[in-house]
Amino acid sequence: MQTVTQIPHDVSYLDYKGKYKGIFSWIFSTDHKRISLLYLYSMLTMFTVGVLLGLAMKLELIAPGKTIMDPQTYNAVFTVHGVIMIFMIVIPGLPAVFGNFMLPIMIGAKDVAFPKVNLLSWYFYVLGAILVISSVLFGNGTPDTGWTFYAPYSFKTGTNLLPAIFGAFILGFSSILTGLNFIVTIHRMRAPGMTWMKMPLFPWSLYGTAWIQLLATPVIGITLVLVALERIFGIGVFDPTLGGDPVLYQHLFWIYSHPAVYVMILPAMGAISEIIPTFSQKHIFGYRAIIASTLAIAFVGYFVWGHHMFTSGMSGTAQYTFSILTFLVAIPSAIKVFNWISTMHKASINPEIPFLWAVTFIFVFMIGGLSGLVLGALATDVYVHDTAFVVAHFHFIVFGGVGFSFFGAIHYWFPKMFGRMYDKVWAKVGWAFFTIGFLTLYSPMFYLGMLGMPRRYYDYLPEFHAANILSSLGSWVMTFGLLIVVINLFRSVKIGAIAEINPWNGKTLEWTVPSPPPVENFEEIPVYGEKDGPYEY
Amino acid sequence: MEHVVQHSDPHYDPEASKLGMWLFIFTELLLFGGLFIVYSIYRFLNPEAFQMAAHELNITIGAINTIILLVSSMTIAMSTSSLQQKNKGLTVLLLEITIMLALIFLINKYFEWGVKFEHGIWPGSQHLINDMGQGEILFFGLYFVMTGLHALHIVIGMIIIIVALRRVQKGTTHADRPSLLENAGLYWHLVDLIWIFLFPLFYLIH
Amino acid sequence: MEKEKHHIVPYKIYFYILIALITFTFMSIGITKVNLHEYSVLGAMIFATLKSILVLTWFMHLKFDQPFLRFMVGFVFLVFLAVIFITFLDYYYR
Amino acid sequence: MYILLSTTNASNFVTGVDKAFILILGISFAFLIGLTFTMLYFIYKYNNKKNPQATQIKGSTKLEIIWTVIPTILVLVMFYYGWAGWAPMRKAPDDSFNIQVTGRMWNFTFQYENGKKTDTLFVPMNKAVKLNLVSLDVIHSLYIPSFRVKEDVVPGRDKFVWFIPQREGIYELFCTEYCGMNHSYMYNWVKVMPETDFNKWYVDTTKRVDVAAVDSPTENGKRIMKNIGCFACHSVDGSKLVGPSFKGLYGHQATVISDGNEREFTVDDEYIKRSIFDPNADVVKGFSKGLMLSYTGQLSEDDVKQITEYLKTLK
Ligand code: HEA
Ligand code: HEA
Ligand code: CUA
Ligand SMILES: [Cu+2]
């Protein structure tokens, strides 16, 4: 236990010497900022694996027939790729990295409500990741079920599924604890005078997200436990030969996994809602409407899971109910887009690199979201369900949405987090390659899906060849861009120019503390007056 | 708004820890919620088989266990009152009674499961798969999973109560810092709450 | 917000609650003994709900807590019921 | 939009589905292009060089209402068209021509009411066809893109798809639910024939499969195995797939695990028969139980004899 008086306010969290030294000063630190960086680095590690697997798939698909691997390997590759990307990158992604770092500062608190639980959730993250990776390295072969673990295949396959399931379970636990921490922090630790309607939008989006994490994640936990028990004992709940219903598995899986997609996108939208007003030097348009749409997405998003199951043989009533709810949940997203664009109206736009990422976010998010409408309609989903069209949809929106927002956010907050500025020219070059590569990589998949090419296909008919070549080429361009972006950032941590306190002239609280912030963020807890607000330019 | 409580004692905010505990309880409720969904669907699909299978369970043991849990819920609730009245001895006694009751619950459960095992009924057993219908297999599958998970929660609850008991004895949990005990109480009531639904769903469907 | 004070519940009340809970338990056993066919589930569930309300309000102190906590608990139960309801849209109409 | 054009009216559902598709795509493109250009225009017009001082506007209730209501109306229209294109798929006419489709790892078999069995789907033109879907192991999904139909084949459930083929030709048929190693090889073809041709083909029961019958029992064995899909899991060249290779199988010393005990013996006719009808009784060491399923009812005693003859030739 440290006492308050010992913590100096002129030493940044990066230089602060606590009880422990070296690496231990990180992995035993309960400082939310250090935990944020722990997440950042462990995610980057997993992310590298995921990207390499993605590239391997694209290389395999460059031509029909065998290119570099066997069918079984391919199946294992997309499974591990999906599990890593979903459970280890985009679900924890923005909340764990930027939420942890910025949430307490943005609401004027010294730390999150339960710093130790916060560290614990990082331990769970690492444990879960290790378990998943161990299923690759040991046992009778890498899991090959797809990230959806559909029954009954998931208890028929001879591969090493249990560690992966267990890993996903623990990752879920990590996610729950983060959400719990954020809710309590937001309820209890806002700066005096910061009413709910004065809270910045990024914390608001984390609040919505946290509720989904809390209420949806346990369902997947218990579902995975049931699959494990089915594998070990054969209890029969999903096994048709024992009376179980495999479609019920799909219900339970998507009861979590659909809300989970909003766990991914809401914080991403929150970050965009910070970046746009700052670089427009203008109050955000429709503050309350954006909050309302965040809460509406979080709430309605809980009830649309069935749109992943339109061909699984649900009752007709269930099908059109889910279809109509799916369409309703699209509306709040549309409202957000309109508000962001309106914020740029009569603004004074400073087109720095975070703003460029934010604008491209809006563009790819629109494509991804609008293609979601095709999937939400019954007739068209029956046609393109489980084809490359779906793969295009979710890469545009998951990776396009979350990825672009992540890069926007890291360029936006980098000077605050590390106290250094990156090279702005290289950042733009990387962004350009990345965007062009991204569009070349995933756009052809829409076309392939309309031709009828199923997803999770190792091999395909010759008529799908041309579009696949284009897509594979795009994956290289994009990775080139990614490398430039990442190397530029990495170099700047050490050698970038010293950053100012408020390089973008932002109005939220994080821009009032030194860069990088001291250990307990604020010497004195800030107080919001009547006239203060996060976007008062 | 005087949220500046942070200044005086940054690591203690009883409202925050209570809120945290409630949120955790929500996740536990939904964990069981998933199982209740599975249960209700299969119950709906196999109504007769579920009723038949329920005859295998002993209402008396179930009722006794229900009452045990209810009483233990009362004792732990009383212990929070006695802690606030600064009656340390009584608090400790009430907690000890709670733990004893939890133990009795588990012993009962042990014998109840034992009887099932003797009859050749356990998840994936030959008797179950060869001689019983699909509805029965599902019923017993769910019975073992749900009561098993509940028993696991009893064990966790006991551990939390034991920790709280030690803290009360040492004096680190006292009338001005009752959070740990109150949270242990909340958790224990959650365990009770779940049993309140498990009991009629498994034992009382005749 | 004034300093949150704790309401100390007298032992007596807890005891009354226990008696009520046990009574409900026996009543729910009783109602399932009577042959009500499909309504016996309903009966048992009504008693279970009553019991859980008692536990939530008294044992778990919701009665003395801030209103938003009560609101949250209600909200969580509603979400759960809605999920079950929607799942049944599939199974009921299949 | 190659497929949208080239397969117009391949089945009765195409019009409904494509109408919904084009409508949604049209609205989507309108919004995408409109919003993108508005955004670019703002970025150009209100650049801080041109417009150094921003005008603070906090919002407008009127606009919020407008852009809530308009999308709501639009999505309801989309929902309606999606529903209208899909609703007719739910109910097959009573006089449909029934074909049973059996999916298993990793092939589909089509069985007609007169006992004919094929691995290509033959259907008559302009006649309602109802496919009854049965899965023997895991979930598969039957997908004919040109007909715009898809339905999962779920074990333990009776499901169907139906359609009226309206154009002569050969179309692809895929499995679109991931089902294990050779999921991507679980495709087949649909041949749509004018009704008279189809009837001629259908009554010709001398040919059980659409390949000329050969008199040699080993040839027949090979053909049976090809049609029913043994080679999805077993190779004939010694390489190990999901199951053990057939090369040199007959007469060699096999090590199997039966009821948890290991035992060794020589492979004979009896063992092969048991492997086909009760594959989990003896599980070859190093392979997993439960992947290969019994072919009881799918293969006759006679089929198995012919298969055995063929296996003997694989030295
Ligand atoms: C970040 C994650 C994310 C997000 C935010 C979304 C958002 C949406 N998704 Fe997506 N989805 C996934 C991730 C995501 N999805 C994943 C991972 C899968 C595949 C899972 C798997 O099978 O492996 C999937 C699959 C998937 C399916 C199942 C497809 C199938 O398997 O057959 C469907 C079907 O309805 C769907 C629909 C939608 C809709 C309607 C939205 C909406 O919320 C989108 C709303 C956005 C907009 C509408 C755009 C912005 C608005 C405008 C530009 C204004 C104009 C708008 C109108 C006029 C309405 N998604
Ligand atoms: C976030 C999610 C995510 C991301 C980033 C990616 C990235 C990539 N994906 Fe991924 N993909 C999935 C999620 C994702 N994928 C899922 C869920 C599936 C389904 C699996 C299944 O079917 O079970 C899938 C399936 C899938 C397939 C289909 C397999 C099939 O059906 O046959 C293919 C095919 O080529 C593919 C390719 C790629 C490629 C080339 C990349 C990459 O190489 C692109 C490189 C990435 C970048 C250049 C940067 C992105 C940056 C960020 C996301 C932010 C970074 C955050 C931190 C560092 C903390 N993926
Ligand atoms: Cu069968 Cu995929
Ligand atoms: Cu979804």
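Within 16 Å of ligand 3 (Cβ to nearest atom) and buried (at least 23 other Cβ atoms within 10 Å of the Cβ): does that describe A:Ser312?
So A:Ser312 fits the description; yes.
Here's the yes/no breakdown for (1) within 13 Å of A:His345 (Cα to Cα); (2) surrounded by 13 or more Cβ atoms within 10 Å (Cβ to Cβ); (3) at pLDDT 90 or above:
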site	(1), (2), (3)
D:Ser11	no, yes, no
D:Leu23	no, yes, yes
D:Ser28	no, yes, yes
D:Thr36	no, yes, yes
D:Lys45	yes, yes, no
D:Gln56	yes, yes, no
D:Ile65	no, no, yes
**Complete:** Residue set A:Leu214, A:Leu226; condition within 19 Å of the chain's Cα centre (by Cα), part of a helix (DSSP H, G or I), at the interface with chain B (Cβ under 9 Å from one of its Cβ atoms) and more than 16 Å from ligand 4 (Cβ to nearest atom); output residue A:Leu214
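Can you name every one of the helices (runs of 4 or more DSSP H) wholly within the range A:357-430 that holds 1 or more residues which are free of Cβ contacts under 8 Å to residues at least 12 places away in the same chain?
The qualifying helices (runs of 4 or more DSSP H) are A:378-384.
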**Message:** Please verify whether C:Val41 is surrounded by 14 or more Cβ atoms within 10 Å (Cβ to Cβ) and at pLDDT 85 or above, treating the condition exactly as stated.
**Reply:** no
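Every residue, every condition in (1) at pLDDT below 90; (2) away from ligand 3 (no atom under 15 Å from the Cβ); (3) more than 10 Å from chain A (Cβ to nearest Cβ), yes or no:
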residue: D:Asp158; (1), (2), (3): yes, yes, no
residue: D:Ile164; (1), (2), (3): no, yes, yes
residue: D:Cys175; (1), (2), (3): no, no, no
residue: D:Gly180; (1), (2), (3): yes, no, no
residue: D:Val190; (1), (2), (3): yes, yes, yes
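Please enumerate the residues belonging to the range D:156-189 that are farther than 21 Å from D:Arg90 by Cα and away from ligand 2 (no atom under 16 Å from the Cβ).
If the condition is that a residue be farther than 21 Å from D:Arg90 by Cα and away from ligand 2 (no atom under 16 Å from the Cβ), then D:Arg167, D:Glu168, D:Gly169, D:Ile170, D:Tyr171, D:Glu172, D:Asn188, D:Trp189 are the ones that fit.
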**Residue check for D:Lys150: within 16 Å of ligand 3 (Cβ to nearest atom) and at the interface with chain A (Cβ under 10 Å from one of its Cβ atoms)** = yes
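Each row is one residue, and each column tells you yes or no for (1) within 12 Å of chain A (Cβ to nearest Cβ); (2) under 19 Å from B:Trp188 (Cβ atoms).
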site	(1), (2)
C:Ile46	no, no
C:Ile53	no, yes
C:Lys63	no, yes
C:Gln66	yes, no
C:Met72	yes, no
C:Phe77	yes, no
C:Asp90	yes, no
C:Tyr93	yes, no
**Request:** Identify all residues within the range A:249-284 that are more than 15 Å from ligand 2 (Cβ to nearest atom), over 30 Å from D:Asn48 (Cβ atoms) and away from chain D (no Cβ under 14 Å); write none if there are none.
**Result:** A:Leu252, A:Ile255, A:Pro259
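To keep it simple, each residue is scored yes or no on (1) over 22 Å from A:Pro454 (Cα atoms); (2) more than 16 Å from ligand 4 (Cβ to nearest atom); (3) β-branched (Val, Ile, Thr).
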| residue | (1), (2), (3) |
| --- | --- |
| D:Gln100 | yes, yes, no |
| D:Met105 | no, yes, no |
| D:Tyr112 | yes, yes, no |
| D:Pro124 | yes, yes, no |
| D:Ala128 | yes, yes, no |
| D:Leu131 | no, yes, no |
| D:Ser141 | no, yes, no |
| D:Ile144 | no, yes, yes |
**Prompt:** In the range D:196-207, is there at least one residue being touching a Lys or Arg at 6+ places or on another chain (Cβ under 8 Å), part of a loop (DSSP other than H, G, I, E, B), facing chain A (nearest Cβ under 7 Å) and not hydrophobic (A, V, I, L, M, F, W, C)?
**Reply:** no
**Request:** For A:Val90, indicate whether it is more than 14 Å from chain B (Cβ to nearest Cβ), more than 16 Å from ligand 3 (Cβ to nearest atom) and farther than 24 Å from A:Leu180 by Cβ.
**Result:** no
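Somewhere in the range D:188-198, is a residue surrounded by fewer than 17 Cβ atoms within 10 Å (Cβ to Cβ), within 21 Å of D:Ala232 (Cα to Cα) and either more than 16 Å from ligand 4 (Cβ to nearest atom) or touching a residue at least 24 places away in the same chain (Cβ under 8 Å) (or both)? Step through it out loud before you land on a result.
Looking only at the range D:188-198, we keep the residues that are surrounded by fewer than 17 Cβ atoms within 10 Å (Cβ to Cβ), and these are D:189, D:194-197.
Pick out the ones that are also within 21 Å of D:Ala232 (Cα to Cα) and you get D:189.
Then keep just the ones that are either more than 16 Å from ligand 4 (Cβ to nearest atom) or touching a residue at least 24 places away in the same chain (Cβ under 8 Å) (or both); that gives D:189.
Yes, the conditions are met somewhere in the range D:188-198.
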**Message:** Among the listed residues A:Val112, A:Val126, A:Val97, A:Val80, identify the single one that is modelled with pLDDT of 90 or more, buried (at least 21 other Cβ atoms within 10 Å of the Cβ) and away from ligand 4 (no atom under 16 Å from the Cβ).
**Reply:** A:Val97
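The values are calculated or read from the model by the stated rules, or taken from the named source; none is laboratory data. Quantities reported herein were computed from a predicted structural model and do not represent experimental measurements. Don't worry about glycine lacking a Cβ; one is built from the backbone with ideal geometry, like all the others, and counts go over all protein chains shown.
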